[in-house]
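One structure is given here, and the rest of the page talks about it.
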Amino acid sequence: MPTPPSLRQSMEAHLASLGRIVDAADTIEHIAQAIQQALDSGKKVLTCGNGGSAAEALHLAEEMMGRFSRDRPPMAAVCLAADPAALTCIANDYGYEEVFARQVAGLGQTGDVLIAMSTSGKSPNILKALQKGRELGLTNIGFLGRPGSPAEGLCDLALTTQADHSAHIQELHLVVIHLLLEYLDERA
């Protein structure tokens, strides 16, 4: 059995993954501009994800509605993973694959932004949400893992990473969430 990495080696691996975020600067800028344009047009942001990505989707939406670093007007944002009654109702009646797509169908309007977070880019409920977003004319944004996932092909803008571990991917996503919130705060 191989020797597990030391804590220092793990830290270095995390920092190396985080250092690669600069390579995505143009994509992050385009994502920020798309969100800002939707908000300026009176549209809203819908977020979704599973597990840790659900927590990050919730974090983005709640900071937009509340505040990030300064007082400002609330920004229209809803996390589709935040309502356990809706999730369990939809999953029970239509299957777990529909938990986000059904909410996109009920809440989404042309010009809104859908931000789908998935480290694998393969989750059936994320794919169905992106498909529904595309049908309804939403701007689909993906916070994904490695390039080439099925979700990437359903996104208008996709942030992909070169990280191999879900934890590293989620850390990168969290950094981008904070960068986006900082960008939006400055323009509110």
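Values in this text are rule-based calculations from the coordinates and carry no lab data. These numbers were taken from a predicted model, which means no experiment stands behind them. Note that each Cβ is placed from the backbone with ideal geometry, even for glycine, and that neighbours are counted across all protein chains shown.
Only the Cβ atoms of Lys and Arg (+1) and of Asp and Glu (-1) were treated as charged; on that basis the dipole of the chain about its Cα centre amounts to roughly 160 debye. Put a dot 7 Å past the Cα of R146, heading toward its Cβ, do the same for D83, and the two dots end up 3.7 nm apart. In loop segments of segment 1-69 as defined by DSSP, the trypsin sites (Lys or Arg not before Pro) with at most 16 further C-beta atoms inside 10 Å of their C-beta are R67. Computed packing ranks the peptides 25-38, 112-125 as 112-125, 25-38, most packed first, by mean other Cβ atoms within 10 Å. Amide H contacts of V78 (H built 1.01 Å from N, in plane; Pro and chain starts excluded): V45, L46, T47 sit under 5 Å, all sequence-distant by 5 or more or on other chains. If a spin label sat at a point 7 angstrom from the Cα of L136 along the line to its beta carbon, the backbone N atoms of segment 91-120 nearer than 14 Å would be those of 98-116. Note: relative contact order over the chain, using C-alpha pairs below 8 Å and six or more positions apart, is 23 percent. Distance between the modelled labels on M65 and R20, one decimal in nanometres: 3.4 nm (7 Å Cα→Cβ projection). Taking each residue as 0.36 nm, the span from S6 to T27 lengthens on full extension beyond its C-alpha to C-alpha distance by 4.2 nm.
Count Lys and Arg as plus one, Asp and Glu as minus one, and take only other residues whose Cβ is under 15 Å from that of T88; the net charge is then -3. Taking the chain as the reference, fit the longest principal axis to its C-alpha atoms, fit the long axis of helix 52-65 to the helix C-alpha atoms, and give the angle between the two in degrees, 0 to 90, nearest 10. The helix 52-65 is inclined about 50 degrees to the chain. Counting 0.36 nm for each residue step from A105 to R187 and taking away their Cα separation leaves a gain of 26.6 nm.
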